[in-house]
Amino acid sequence: MYRGTHDAVADERNEHVLIYVNGELVPRGQARVSVFDSGFLIGDGVWEGLRLHHGVLVFLDEHLDRLYQGAKAIALDIGMTPAQLAEAIWQTVRANDMHDGVHVRLMVTRGVKKTPSQDPRLTTSGPTIVIIAEHKQSNPNVFEQGIRLFTSTIRRPPPDTLDPKLNCHSKLHEVMALNQALAAGADEALMLDVHGAVSTCNSTNFFIVTRGQVCTSAGQHCLNGITRRRVIELCRANDIQVFERDFSLVQVYSAGESFVTGTFGGLTPVIEVDGRVIGDGVPGPITRRLRELYMSGLDEQAHL
């Protein structure tokens with residue numbers, strides 16, 4: 001049975017959503033991109049995941065900043081201003097009559113090539129822009145049950161190889177890590193950096209709690225998580241000690257609590273790592289408090 005940070009409650013409305021493809025809204029079953037598209041051929045593109053919560057696209061400006069930062073890093077011209085791209089997202093949401101409990105996946109690739117190749121000079125079109133908005137609520141059982149992690153042998157690459165802060169379409173190393181975790185009977189993968197310090201999970205950022213202190217990766221090898229950043233801010237604003245520093249698996253195994261963060265699931269407790277039960281094997285008090293603070297913050301955003 002599937003269990004993980006992206007476990008969503010089934011919703012039949014998603015069978016009939018309209019997908020934004022290069023300025024057109026088309027039925028889900030008819031949404032297509034070329035087999036010569038750069039994203040399909042070589043994973044050349046950037047993406048964002050957003051939440052629509054009570055009529056508000058939460059942290060929209062931060063997500064767009066991250067998208068355009070990534071596009072600049074790979075020399076990809078999106079061809080639209082952030083305001084125009086935001087309007088395209090709203091157009092997609094409105095066309096599907098969506099107001100709450102929605103996850104939006106925004107993808108931008110370099111476009112169509114005239115032949116399969118890495119060379120960007122062989123691109124013959126403008127960028128391919130796809131926006132998929134779905135009715136997706138995280139499964140509440142996942143928070144209460146927590147998830148189990150397995151430490152993969154696949155390491156997070158250093159910033160001078162493939163910077164983890166780049167939200168790019170090239171995710172094969174993360175898929176390989178996740179496959180190892182699934183084969184080991186876990187739900188998701190924990191990944192170390194090239195020095196053996198704990199970095200992130202395959203698609204979320206990782207935290208431990210020890211004696212009331214929250215700790216996460218020093219940041220050089222971790223995902224540029226907007227939810228991660230928000231949790232750190234919440235700790236500092238609510239007198240919860242938080243540290244960004246290197247730590248090892250030994251410290252993970254002996255932690256009192258652990259959780260991961262991501263746009264879709266928010267905060268998800270980790271109850272087991274490599275067969276070692278974390279704390280009491282249930283969501284801990286600080287994890288619960290931070291989740292409540294995070295959800296309250298989303299509600300505040302929706303009422304601004």
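The values are calculated or read from the model by the stated rules, or taken from the named source; none is laboratory data. Keep in mind that what you see is a predicted model, and the values were worked out from it rather than measured. In this analysis, Cβ positions are derived from the backbone assuming ideal geometry, glycine residues included, and neighbour counts consider all displayed protein chains.
Worth pointing out:
- Some residue of segment 130-137 being touching a Pro at 6+ places or on another chain (Cβ under 9 Å) and not charged (D, E, K, R): no
- Total residues in segment 66-86 satisfying the condition of being in contact (Cβ under 8 Å) with a residue 12 or more places away in the chain and either within 19 Å of the chain's Cα centre (by Cα) or part of a helix (DSSP H, G or I) (or both): the figure is 9.
- Subset of segment 145-176 (residues that are among the aliphatic types (A, V, I, L, M), closer than 15 Å to residue 6 by Cβ and part of a helix (DSSP H, G or I)): 175
- Members of segment 244-303 that are closer than 27 Å to residue 101 by Cβ, in a loop (DSSP other than H, G, I, E, B) and touching a Leu at 6+ places or on another chain (Cβ under 8 Å): 263
- Residue 182, sole failed condition from (1) in the same structural domain as residue 288 (by TED's automatic domain parsing); (2) not in a helix (DSSP H, G or I): (2)
- Residue match in segment 236-250 (condition: among the hydrophobic types (A, V, I, L, M, F, W, C), crowded, with 21+ Cβ neighbours inside 10 Å, touching a residue at least 60 places away in the same chain (Cβ under 8 Å) and in contact with a Ser or Thr (Cβ under 9 Å, 6 or more places away or on another chain)): no
- Selected residue (only one of 232, 240, 208 is assigned to a loop (DSSP other than H, G, I, E, B), among the β-branched types (Val, Ile, Thr) and modelled with pLDDT of 95 or more): 240
- Test result for residue 170, surrounded by 18 or more Cβ atoms within 10 Å (Cβ to Cβ), assigned by TED's automatic domain parsing to the domain that holds residue 284 and under 24 Å from residue 190 (Cβ atoms): no
- Considering 142, 130, 104, the condition of being in contact (Cβ under 8 Å) with a residue 60 or more places away in the chain, β-branched (Val, Ile, Thr) and in a strand (DSSP E or B) is satisfied by 130 alone.
- Filter pass, residue 25 being surrounded by 14 or more Cβ atoms within 10 Å (Cβ to Cβ), free of Cβ contacts under 8 Å to residues at least 24 places away in the same chain and among the aliphatic types (A, V, I, L, M): no
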